[in-house]
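What follows is a short report on a single structure.
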Amino acid sequence: MSTREVLRMGDARLLRRAEEVRLFDTPELHALLADMRDTMHALDGVGLAAPQIGVNLRVIIFEVAGNPRYPDAESVPQTVLIDPVITPLSDAMDEGWEGCLSVPGMRGLVPRYTHLRYQGRDEYGAIIDRTVSGFHARVVQHEFDHLDGILYPMRIRNMKDFGFSDVLFPDAEVRDE
Ligand code: NI
């Protein structure tokens with residue numbers, strides 16, 4: 001296990017479509033997930049996608065539990081999600097502030113579907129099938145986007161709603177992402 005370097009926006013490796021995993025419960029997959037967890041926890045992230053550490057596979061992790069970067073966010077169970085499929089359950093969208101470990105120090109207002117179903121597998125190949133809403137749905141969409149080479153600034157509708165975290169939220173204890 002070790003902390004890995006997180007690629008930052010501008011790196012072409014963040015813009016690729018990642019590949020399906022297909023093989024589960026392998027030493028390589030477990031090692032990848034250990035590194036992803038270490039890296040995410042070291043940086044107080046709520047989620048991380050394998051492409052962010054330069055591994056071009058459709059693997060994401062996320063977890064929200066008293067995260068100092070998102071103190072008001074509802075909790076989201078620790079999840080490993082591989083080869084995910086997302087199905088919006090209505091056309092309703094909601095705008096919310098997002099940050100990203102690949103875009104350190106910035107926040108942007110991003111529209112996301114409010115209700116969705118996501119399916120995929122965990123690291124052992126067990127099926128995951130959840131219907132979620134709100135912040136949980138937002139986190140899944142953000143991480144899923146990384147698998148298709150999409151970074152959240154690409155989804156901001158009005159670039160006036162994009163800036164440095166400490167300028168946008170001077171009173172909040174916002175850490176560098
Ligand atoms: Ni991100």
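The values are calculated or read from the model by the stated rules, or taken from the named source; none is laboratory data. Everything numeric in this text was worked out from a predicted model, so none of it was measured. Positions of Cβ are generated from backbone atoms using ideal geometry, with glycine treated the same way; all protein chains shown enter the neighbour counts. To get the accessible areas, we keep the full protein, side chains included, count just its heavy atoms, and leave off ligands, DNA and RNA. Shrake-Rupley method; radii C 1.70, N 1.55, O 1.52, S 1.80 Å.
The GluC sites (Glu not before Pro) of the stretch 1-97 meeting both criteria, a DSSP state outside H, G, I, E and B (loop) and at most 13 other C-beta atoms within 10 angstrom of the site's C-beta, are Glu5, Glu20, Glu74. Applying 1/(1 + (r/R0)^6) with R0 = 30 Å to the Cβ-Cβ distance of Ala34 and Arg130 gives a FRET efficiency near 0.80. Taking every protein chain into account, the accessible area of the chain amounts to 50 square angstrom per residue (probe 1.4 Å).
Helix 134-147 and the longest principal axis of the Cα set of the chain meet at an angle near 60°. Here the accessible area is traced with a 1.4 Å probe on the protein chains. For the stretch 12-168, carbon and sulfur cover 52 percent of it. In a fully extended conformation the segment linking Val167 and Val85 would gain 25.9 nm over its present Cα-Cα distance, using 0.36 nm per residue.
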